[in-house]
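K.L.:
What follows is a structure written as structure tokens; I'll ask about it next.
Derivation of every value follows stated rules applied to the coordinates shown; laboratory data play no part. Predicted model only: the values in this text are computed from it and were never measured. Please note: Cβ atoms are built from the backbone with ideal geometry, for glycine as well, and neighbour counts cover all protein chains shown.
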Amino acid sequence: MKARLLLLPLFAPFRGRKLRSGQPGRFCSLAACSYKLRNVELHPLWQSSSSVTGGTKQSPIDIQARSSVFDPKLKPLSICYDPTTCLQIWNNGYSFVVEFDDTTENSVVTGGPLNNNFRLKQFHFHWGAINDWGSEHTVDSKVFPAELHLVHWNSDLYKCFEEAIMEENGLAVIGVFLKLGTHHPELQSVIDLFPSIKYKDAVAAFTYFDPSTLMPSCPDYWTYDGSLTTPPLTESVTWIIKKKPIEVTQNQLAAFRSLFFTSIGEEEKKMVDNFRPLQPLMDRTVRSSFRPLPNVFHFETKVKEHSHQQ
Ligand SMILES: [Zn+2]
């Protein structure tokens, strides 16, 4: 019974459901260390041995920008989403998930690090109780208040999402960081549905939405081979992490925190801190689609050396 409960991650098969189918870097301040433990206390997803794997390609990771390797062969992603493939939004007890009809090739991503077509299945977010944490990935130890994941499966190699999730090169997930800034009108159209999905298992129709409006215009990204960040934690994911965050307001982040992990009638637990802690990079390389910024310190040193010689 308990095991079944624990298998209700973002990626549980939707049986029985009719589908038409700008903060400074935080190094090791007390807050940055303690945030990693908060979700363990809050959600049953992480209270069993299923949250521990012996894997060598686990996610999320800290992306160390200067250690990433520029790969000139990495072209911009080609994203084509049909807004009419959007189906519904639901509270799955860990996040809110916007699901898409993936029975056709109408909403796909290809190009970039991908050699196949990947169909859009769903998107969801991870966020913190406060703005100091919330994202799953970090960049040079910098944590963002939230992170968007757009989940796609390889429709060239596999028959369906449930098959692809367990297999190599099965999934491509695009990650987008959220930071505090200006109001995001397209995200607001998702947030406006929250009153209907406050509690676990609530579902609402949402039949027209283009999630590419939630992406930054900058094409730059990092990519690496990793895993799902919820059980079954399979190492089937090509991660594509956008370099530029999108901006949202404090009120929009507050709306995320107004949802509940719990069902109607249960003791209410706010849906916050629904992220997995960082995992070791191990023997992996993070590639970037863009040239890293020049090392300013190194550059200044060279200029001084040069002026001494004159
Ligand atoms: Zn996710």
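K.L.:
Taking the criterion of being assigned to a strand (DSSP E or B), surrounded by 14 or more Cβ atoms within 10 Å (Cβ to Cβ) and of a type in the set (D, E, K, R), would at least one residue in region 56-67 satisfy it?
P.N.:
Yes, region 56-67 contains at least one residue that is assigned to a strand (DSSP E or B), surrounded by 14 or more Cβ atoms within 10 Å (Cβ to Cβ) and of a type in the set (D, E, K, R).
K.L.:
Take LEU228 and tell me if it is of a type outside the set (Asp, Glu), within 16 Å of the ligand (Cβ to nearest atom) and part of a loop (DSSP other than H, G, I, E, B).
P.N.:
yes
K.L.:
Can you tell me how many residues in region 53-102 are out of contact with any helix residue (DSSP H, G or I) (no Cβ under 8 Å at 6 or more places or on another chain) and within 15 Å of the ligand (Cβ to nearest atom)?
P.N.:
9
K.L.:
Could you identify the single residue in GLU162, GLU167, GLU105, GLU136 that is acidic (Asp, Glu) and within 16 Å of the ligand (Cβ to nearest atom)?
P.N.:
After applying the criteria, what remains is GLU136.
K.L.:
Which of the residues spanning region 116-132 are more than 15 Å from the ligand (Cβ to nearest atom) and either of a type in the set (Asp, Glu) or outside any strand (DSSP E or B) (or both)?
P.N.:
ALA129, ILE130, ASN131, ASP132
Every residue, every condition in (1) among the aliphatic types (A, V, I, L, M); (2) in a strand (DSSP E or B); (3) touching a Pro at 6+ places or on another chain (Cβ under 6 Å); (4) surrounded by fewer than 24 Cβ atoms within 10 Å (Cβ to Cβ), yes or no:
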residue: SER135; (1), (2), (3), (4): no, no, no, no
residue: VAL151; (1), (2), (3), (4): yes, yes, no, no
residue: ASP156; (1), (2), (3), (4): no, no, no, yes
residue: LYS159; (1), (2), (3), (4): no, no, no, yes
residue: GLU162; (1), (2), (3), (4): no, no, yes, yes
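K.L.:
Just to be sure I understand, how many residues within region 89-140 are under 16 Å from the mean Cα position of the chain (by Cα), over 24 Å from LEU193 (Cα atoms) and of a type in the set (S, T, N, Q)?
P.N.:
Residues flagged as under 16 Å from the mean Cα position of the chain (by Cα), over 24 Å from LEU193 (Cα atoms) and of a type in the set (S, T, N, Q) within region 89-140 amount to 1.
K.L.:
Let me ask something else. With SER227, SER212 as the choices, which residue is in contact with a strand residue (DSSP E or B) (Cβ under 7 Å, 6 or more places away or on another chain), of a type outside the set (Phe, Trp, Tyr) and surrounded by 22 or more Cβ atoms within 10 Å (Cβ to Cβ)?
P.N.:
Going through SER227, SER212 in turn, just one is in contact with a strand residue (DSSP E or B) (Cβ under 7 Å, 6 or more places away or on another chain), of a type outside the set (Phe, Trp, Tyr) and surrounded by 22 or more Cβ atoms within 10 Å (Cβ to Cβ): SER227.
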